[in-house]
Structure formats: C-alpha cells, structure tokens
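Participant: This structure is in structure tokens; I'll ask about it shortly.
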Amino acid sequence: MKIVAVEANIAAGKSTLVGPLAQQLTALTGETWRLMVEPVDADPQFLTLLQDFTARPDDADARIRFQLYITRMRQRLLQQLPDGNYVIERSLYSDVVFCQTNFLQTERPDARYMDYYYQIKACFNDYPPIDVVLYIDRCPQACFESCMQRARPGETAYTLDYFLDLKRFHDACLPQLVRHYPARLMVWPVASGFADAAALAAHLIQQTGWGAA
C-alpha cells in the first residue's frame, strides 16, 4: 500500500488536483491509484460547524467542535483500507497545522483546546502510514483571492492574515511532523496559478522510484 497525502493552504487547488494526480500516477506506474476525497461540500454538519466557527473566531468551543469533527472524519476515512494505492486530500498532518494556527488566534484557550491537540496525536495511533506528504505551497494572497471568489458558506469571514499564518505554520510544522510520524515531505511551490498534475506526478515518480522496472 502507498498513500500520498496532498496538503496545502485553503483554496490552493487541492480538490482540482487530486483526481488528475491519481490518474497520472496510474498511467506512469502501471498500478491503480484511487482517490480518497473528504465529502465536506455535501456534508451539512460540516458546513454548519464551519459557519459557526467562522462566525465566532474567538470562541474556542466552536473551533474545537469543528476541528474535532474533521479529525475524526479523516481518521475514519482511512480505517480498514483494502490494499492499494491512494491519493488523499488532507490528512491528520493538516489537523496539527490548523490546530496550531487556530491556537495562536484563540483568546485565552482553555485545557479543552490542548486536549484536542492530544486527541489528534492519539488518532495517529490508528492511522495508516503515509508515504508522501505532498505540500502544494501556493501564494497565500492567491489562495485568499480564490477563497473569496468561490465564496463557500462559512469561508467568506476568513482574512488574509489567516492565510498568511497558515502558510507559516505549514512551513514550520510539516518538517517536524514527518520526522515524528515518518513520511517523505515533498514541497511543490506554486505562485498565483495551480499545480500541474502531470509535472507533479512525474516528479513524484522520479523522487520515489515508484513504478521503476
């Protein structure tokens, strides 16, 4: 089994990328790569929690409810996977990054917030090993503009500063996380556009040797 987790800022183009990336990896390796997507856009509970969280950014309880729901959903999504190769959109690595970023913005967070951080760590105990954490490092300004343009429920309250903080925490936390929860970190810089799936798949094959005769 091989798993590639695609991580990035909000509105960096992950959802658009992961399907073509799985197709390109299938073509280049001769093995089937399946796509695992979080059903967030069609999940009314997720959207309700997101709106509650963004409407009250200083409410630690709203943040914890939203983040814990995502963490448990991501853990369940990868439990008891049949053998195979998978591309997933976000992972528990993301949850640590967002937890740290949101902790910074929370006014006087209480012990429940710290408990959520340790719940993420506990979830790693029942989580399959990730082979590659693929970080799409898109310009935060471009991500913010894309987010405002798509105007999903609950996201219009985000600020540019939040996107800048997420960029900084991805840069700082991911190298530490892949050492503690072993995985190969690959960073793919993107300016204001979006990642090219064909070029990215070729780079993954070159770096990992997957599909080599």
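Participant: In terms of modelled amide H atoms, which long-range or inter-chain residues lie less than 5 Å from the amide H of Arg34?
Facilitator: Answer set, sorted by chain and number: Asn85, Tyr86, Val87.
Participant: Calculated FRET efficiency, Arg34 and Thr156, Cβ-Cβ r, R0 35 Å, to nearest 0.05?
Facilitator: The value I calculate is 0.60.
Participant: A further question on this structure: In nm, to one decimal, how far is the modelled label at Thr208 from the one at Ala191, with both set 7 Å along Cα→Cβ?
Facilitator: With each label point 7 Å from Cα toward Cβ, the separation is 2.9 nm.
Participant: Whenever you get a sec, compute what percent of the accessible area on the chain sits on carbon and sulfur atoms (1.4 Å probe). Intermediate values should be presented prior to the final figure.
Facilitator: Working: 5290 of 10100 Å².
Carbon-and-sulfur percentage of accessible area, whole number: 52.
Participant: Something else: Ranked from the most accessible area to the least, with a 1.4 Å probe and all protein chains present, what is the order of Glu145, Glu89?
Facilitator: Glu145, Glu89
Participant: Continuing with the same structure: Sequence-distant or interchain residues sharing an amide H contact under 5 Å with Arg138, placed H: which?
Facilitator: Asn9, Val190
Participant: Please give, to one decimal in nm, the separation of the simple spin-label points placed at Met148 and Met73, each 7 Å out from Cα toward the Cβ.
Facilitator: Placing both labels 7 Å beyond Cα along the Cβ direction yields 2.6 nm.
Participant: Label-point separation (nm) for Ala42 and Asp171, each offset 7 Å from Cα along Cα-to-Cβ?
Facilitator: So the two model labels end up 3.8 nm from each other.
Participant: Let me ask you something else. Decide, for region 2-208, between rounded, prolate and oblate: order the square roots of the alpha carbon gyration tensor eigenvalues as a ≥ b ≥ c, take rounded if a/c falls under 1.5, and otherwise choose prolate if a/b is larger than b/c, else oblate.
Facilitator: It comes out prolate by the Cα gyration axes.
Participant: With a probe of 1.4 Å, find how much accessible area region 2-208 has per residue, and write the answer as a whole number in Å².
Facilitator: It amounts to 47 Å² per residue over region 2-208.
Participant: Probe radius 1.4 Å, ligands and nucleic acids left out: which of Arg72, Arg63 has the largest accessible area, and how do the rest follow?
Facilitator: Details: Arg72 110, Arg63 5 Å².
So, going from the largest accessible area down, we get Arg72, Arg63.
Participant: Something else about it: With +1 on each Lys and Arg Cβ and -1 on each Asp and Glu Cβ, and nothing else charged, work out how big the dipole of region 1-96 is about its Cα centre, in Debye to the nearest 20.
Facilitator: It works out to roughly 160 debye.
Participant: Among Phe98, Tyr113, Val4, whose Cα sits farthest toward the positive end of the charge dipole of the chain (+1 at Cβ of Lys/Arg, -1 at Cβ of Asp/Glu, about the Cα centre)?
Facilitator: Of the listed residues, the answer is Val4.
Participant: Might you work out the accessible area of Phe194 for me, using a 1.4 Å probe with all protein chains in place, and round it to the nearest 10 Å²?
Facilitator: 130 Å²
Participant: Taking the Cα centre of each part, how many Å lie between region 180-213 and region 17-81?
Facilitator: So the two Cα centres are separated by 20 Å.
Participant: Taking the full set of protein chains and a 1.4 angstrom probe, give the accessible area of Asp52 in square angstrom, rounded to the nearest 10.
Facilitator: For Asp52, solvent-accessible area is about 40 Å².
Participant: Among Trp33, Leu50, Phe169, whose Cα lies farthest out toward the positive end of the dipole of the chain, if unit charges sit on the beta carbon of Lys, Arg (+1) and Asp, Glu (-1)?
Facilitator: With unit charges placed on the Cβ atoms, the residue in question is Trp33.
Participant: If a helix is a whole DSSP H run, which ones in the chain reach 27 Å or further along their own axis (Cα) and hold a mean Kyte-Doolittle hydropathy of at least -1.0? Don't skip to the end; give the middle numbers.
Facilitator: Details: long enough: 160-180 (30 Å, -0.15).
Going by DSSP H runs, the hits are 160-180.
Participant: With the Cα gyration tensor of region 15-70 giving a ≥ b ≥ c as the square roots of its eigenvalues, does the rule (a/c under 1.5 for rounded; else a/b larger than b/c for prolate; else oblate) give rounded, prolate or oblate?
Facilitator: prolate
The values are calculated or read from the model by the stated rules, or taken from the named source; none is laboratory data. These numbers come from a predicted model, not from an experiment. Methodologically, a virtual Cβ is constructed for each residue, glycine included, from the backbone with ideal geometry; neighbour enumeration extends over all protein chains shown. To get the accessible areas, we keep the full protein, side chains included, count just its heavy atoms, and leave off ligands, DNA and RNA. Shrake-Rupley method; radii C 1.70, N 1.55, O 1.52, S 1.80 Å.
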